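The values are calculated or read from the model by the stated rules, or taken from the named source; none is laboratory data. No experiment lies behind these values; they were computed from the predicted model shown. Positions of Cβ are backbone-derived with ideal geometry, glycine not excepted, and every protein chain shown enters the neighbour counts.
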């Protein structure tokens with residue numbers, strides 16, 4: 001078990017980490033890819049594994065307009081009435097004019113109570129120093145599903161929603177719609 005549900009001082013649930021995740025170590029997640037449905041679902045899953053409410057004051061999201069001073073401030077802020085703080089940084093590698101060496105320095109100096117999620121839509125330039133630094137962390141790439149993987153995803157999604165489907169029907173649905181998982185998800189709900 002990676003975390004347990006505990007009540008915070010306001011009575012709401014929040015997740016706190018047990019000893020299997022070392023207390024006081026910064027955890028950096030790097031998720032990216034072209035499959036935006038699974039990518040966004042993974043971001044939501046990671047966020048909810050920290051705090052039940054993504055609007056919790058200990059969750060900060062930085063999108064676009066990457067100002068290094070704001071990035072440093074968000075990452076270096078300590079948790080408020082909690083043991084951990086989560087900072088989500090979206091599409092940093094796509095931003096123009098960002099000093100990647102300074103970003104790496106900010107990441108390396110992050111307080112132990114702060115965890116980071118770097119979220120990139122699409123496949124970023126893998127030659128950059130920041131990509132190479134983030135790749136050393138907990139990295140997940142979400143590529144578009146094809147063939148057997150796509151058929152399995154369709155079948156699993158329908159089962160997850162309480163339905164049943166034959167393998168050949170899952171393959172036919174996947175072949176009809178293609179790798180557009182948003183469309184497949186809507187179709188599987190009907």
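Quick rundown of the values:
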| item | result |
| --- | --- |
| Considering residues of the stretch 47-63 that are in contact with a helix residue (DSSP H, G or I) (Cβ under 9 Å, 6 or more places away or on another chain) and assigned to a loop (DSSP other than H, G, I, E, B) only, the residue surrounded by the fewest Cβ atoms within 10 Å (Cβ to Cβ) | 54 |
| Complete set of residues in the stretch 181-190 that are surrounded by 11 or more Cβ atoms within 10 Å (Cβ to Cβ) and either at pLDDT 80 or above or over 17 Å from residue 33 (Cβ atoms) (or both) | 181, 182, 183, 186, 187, 188 |
| Positions within the stretch 98-156 being free of Cβ contacts under 8 Å to residues at least 24 places away in the same chain and surrounded by 18 or more Cβ atoms within 10 Å (Cβ to Cβ), in sequence order | 151, 155 |
| Failed item, numbered, when residue 178 is tested on (1) at pLDDT below 90; (2) over 15 Å from residue 37 (Cα atoms); (3) exposed (fewer than 14 other Cβ atoms within 10 Å of the Cβ) | (2) |
| The stretch 21-59, subset out of contact with any strand residue (DSSP E or B) (no Cβ under 8 Å at 6 or more places or on another chain) and at pLDDT 90 or above, residue nearest to residue 145 (Cα to Cα) | 37 |
| Residues of the stretch 77-92 satisfying the condition of being touching a helix residue (DSSP H, G or I) at 6+ places or on another chain (Cβ under 8 Å) and touching a residue at least 40 places away in the same chain (Cβ under 8 Å) | 84, 88 |
| Test: residue 127 is outside any strand (DSSP E or B), over 20 Å from the mean Cα position of the chain (by Cα) and within 30 Å of residue 144 (Cβ to Cβ) | yes |
